[in-house]
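The values are calculated or read from the model by the stated rules, or taken from the named source; none is laboratory data. All of these numbers come straight from a predicted model, not from anything done at the bench. Quick reminder, even Gly has a Cβ in these numbers, built from the backbone with ideal geometry, and neighbours come from all protein chains shown. For accessibility, only protein heavy atoms count, side chains too; no ligands or nucleic acids. Shrake-Rupley method; radii C 1.70, N 1.55, O 1.52, S 1.80 Å.
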Amino acid sequence: MSYFSDIYKGIKTLLTGMSVTGKYFITSKKGAITQQYPDNRDTLKMFDRFRGEVIMPHNEENEHRCTGCQKCEIACPNGTIEIIWDRGIDEETGKKKKKIDQFVYHLSMCTMCGLCIDVCPTDAIEWGQNFENSVYDRTALTRVLNKPDSKLMKGVED
Amino acid sequence: METEVVHTNFKSEEYFINMGPQHPATHGVLRLLLTIDGEIIKKVEPDLGYIHRSIEKMCERDSYQQIVHLTDRMDYLSANINNEAVCLAVENALQLEIPERVKVIRTIIGELTRISSHCLWWGVMGMDVGALTTYFYGFRDREMINDIMEETCGARLTMNYNVPGGLMLDIHPNFVKRVKEFVAHFKTKLPEYDRLLTGNVIFQKRTVGVGVLSKEDAISFGASGPVGRASGYSCDVRKHHPYSAYDKVTFTEALKTEGDTYARYLVRIQEMWESLSIIEQLIDVIPEGEHRVTTNAVIKLPKGEYYQKVETARGELGVYIISTGTKNPYRLKFRSPGFSNLSLLNHIAVGGKIGDLVATMATLDLVIPDIDR
Ligand code: SF4
Ligand code: SF4
């Protein structure tokens with residue numbers, strides 16, 4: 001007797017399960033879950049806080065906000081950031097002042113932890129949304145974030 | 001009188017096979033050395049170390065803020081809960097007063113993390129016993145949580161959202177709305193999980209009575225989380241040693257007494273319902289206030305030893321810090337749930353078939369980076 005009831009139970013639970021999958025088979029629209037990346041590249045928008053890479057925004061006059069205080073370099077757990085700094089003459093006061101020469105960012109080592117951005121006193125660096133970082137040669141992942149001939153924005157002090 | 005027939009043509013002989021390190025059912029780089037006799041398992045020896053990254057040693061080099069992001073990479077499915085564990089340990093050592101807002105948000109995010117981890121486990125569990133569809137359904141629902149995490153924390157897997165003293169950023173304005181959407185959505189989907197897999201006869205035949213762990217053994221092997229609770233061992237850290245906002249919510253600890261694979265499965269399903277209820281209780285009452293208290297830029301813990309445990313999706317995670325008063329810990333030890341849960345695999349798998357081993361391993365819910373660290 002239990003032989004037949006087993007068969008009955010087996011078929012019943014199978015059909016119960018298939019009612020779930022069958023419902024989705026009939027009702028779900030195309031593209032309900034998956035996105036057609038990379039075809040949707042033009043419309044793809046990442047969330048504002050998405051951590052893609054560290055960038056340093058510059059304004060129209062090619063000025064950034066980094067004073068070269070090196071706090072981000074110390075906060076970084078794995079030596080991703082290297083600040084090569086120099087002393088320059090401040091135009092207004094005429095005194096010698098620290099300034100960055102190169103803000104070197106090794107993207108290949110970055111764990112996207114966000115500690116550098118969190119610690120920066122002048123908000124000089126922020127998150128960029130680009131995530132397509134594959135390259136043929138890993139040296140291309142070492143970047144200098146401050147643009148050539150860029151200067152410190154006026155009025156930014158640490 | 002009957003005499004036992006001794007076959008001489010066929011010799012029964014034990015032999016070894018390797019399961020892993022690239023076996024799909026080991027969910028990562030775990031190598032199991034099986035001693036088998038035909039289909040019957042005689043011994044299971046886990047071989048670890050394939051992805052050892054010496055996280056504990058790295059912690060001795062890092063500052064307390066930097067340690068947090070390493071814990072993302074242990075049990076990556078409970079990343080937020082791991083972060084919370086380190087932050088709580090540091091905050092308790094400093095005797096920092098944490099705002100209520102932070103505690104509630106941490107609890108909500110912790111429970112979301114637990115649901116997303118269990119969703120993935122459920123999908124993979126089905127796949128291990130041969131039901132591929134569950135994998136897609138589990139991932140569909142997990143995707144919504146991943147979006148919530150990405151919008152608020154900035155990342156989908158390795159969030160590093162907690163900092164000693166609070167949260168790195170306040171929650172995103174859409175957070176509450178999205179979480180409510182998810183809770184409403186998931187409440188309609190969880191019964192489907194049951195219809196699709198839980199009640200299925202084939203699934204039950206594969207799991208009921210397989211890999212039985214008694215309560216005594218659960219305790220002596222140090223099992224925790226759903227593995228311990230399925231054997232009747234009440235070990236929920238959220239209940240017994242409440243942290244963050246768990247003392248303000250009511251929930252029942254999922255307990256079963258059978259101790260088999262099916263019981264471990266049911267415990268996790270019930271935990272998802274409990275997590276939903278915890279989120280519902282808190283999502284409307286997130287207090288206003290600061291999302292962070294400022295700490296010194298260089299955190300130095302007073303000399304001494306500190307221990308904090310939390311309940312991750314896999315069980316009890318302990319963080320043990322010895323500080324000599326400097327800016328790095330002298331020694332930091334993680335008590336990871338996966339390691340203890342793996343240690344009992346040999347005990348419950350011996351005598352079963354290889355197919356049973358796969359089902360048993362699926363409900364131990366092993367995450368290998370958590371075991372190897
Ligand atoms: S980016 Fe910020 S923290 Fe880093 S050196 Fe510049 S100002 Fe200092
Ligand atoms: S995100 Fe983290 S790892 Fe990357 S540069 Fe900043 S501090 Fe370093």
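The table that follows gives values for the structure above.
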quantity: Inter-residue pairs, beta-carbon under 8 Å, first more than 8 Å from ligand 1 (Cβ to nearest atom) and in region A:111-125, second outside any helix (DSSP H, G or I) and of a type in the set (Phe, Trp, Tyr), 6+ apart; calculated: A:GLY114/A:TRP127; A:ILE117/A:TRP127
quantity: B:ILE108, sole failed condition from (1) away from ligand 2 (no atom under 16 Å from the Cβ); (2) open to solvent by 10 Å² or more (accessible area, probe 1.4 Å); (3) not charged (D, E, K, R); calculated: (2)
quantity: Residue that is farthest from the other protein chains (Cβ to nearest Cβ) [pool: residues in region A:143-158 that are touching a strand residue (DSSP E or B) at 6+ places or on another chain (Cβ under 7 Å) and open to solvent by 60 Å² or more (accessible area, probe 1.4 Å)]; calculated: A:LYS151
quantity: Residues within region B:190-212 that are open to solvent by less than 30 Å² (accessible area, probe 1.4 Å), within 11 Å of chain A (Cβ to nearest Cβ) and assigned to a helix (DSSP H, G or I), tallied; calculated: 7
quantity: Of all residues making up region B:64-85, the number that are open to solvent by less than 10 Å² (accessible area, probe 1.4 Å) and within 16 Å of ligand 2 (Cβ to nearest atom); calculated: 8
quantity: Tally of residues being of a type outside the set (A, V, I, L, M), open to solvent by 10 Å² or more (accessible area, probe 1.4 Å) and at negative phi across region B:322-351; calculated: 13
quantity: Test: residue in region A:115-130 that is charged (D, E, K, R), near ligand 2 (Cβ under 10 Å from one of its atoms), in a strand (DSSP E or B) and within 29 Å of B:LEU169 (Cα to Cα); calculated: no
quantity: Tabulated pairs, region B:137-152, first under 18 Å from B:LEU167 (Cβ atoms), second among the hydroxyl-bearing types (Ser, Thr, Tyr) and crowded, with 19+ Cβ neighbours inside 10 Å, C-beta under 7 angstrom, 6+ apart or interchain; calculated: B:ILE145/B:SER116
quantity: Of residues in region A:58-81 being out of contact with any helix residue (DSSP H, G or I) (no Cβ under 7 Å at 6 or more places or on another chain) and open to solvent by 50 Å² or more (accessible area, probe 1.4 Å), the one farthest from ligand 1 (Cβ to nearest atom); calculated: A:GLU60
quantity: Unique match (being closer than 18 Å to B:LEU157 by Cβ, at pLDDT 85 or above and either in contact with a Pro (Cβ under 6 Å, 6 or more places away or on another chain) or surrounded by fewer than 17 Cβ atoms within 10 Å (Cβ to Cβ) (or both)) among B:ARG31, B:ARG53, B:ARG101, B:ARG61; calculated: B:ARG53
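Yes/no matrix, rows are residues, columns are (1) more than 30 Å from A:CYS116 (Cα to Cα); (2) modelled with pLDDT under 85; (3) more than 16 Å from ligand 2 (Cβ to nearest atom); (4) not charged (D, E, K, R):
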site	(1), (2), (3), (4)
A:PHE25	yes, yes, yes, yes
A:SER28	yes, yes, yes, yes
A:THR34	yes, yes, yes, yes
A:TYR37	yes, yes, yes, yes
A:LYS45	no, yes, yes, no
A:PHE50	no, no, no, yes
A:MET56	no, no, no, yes
A:CYS66	no, no, no, yes
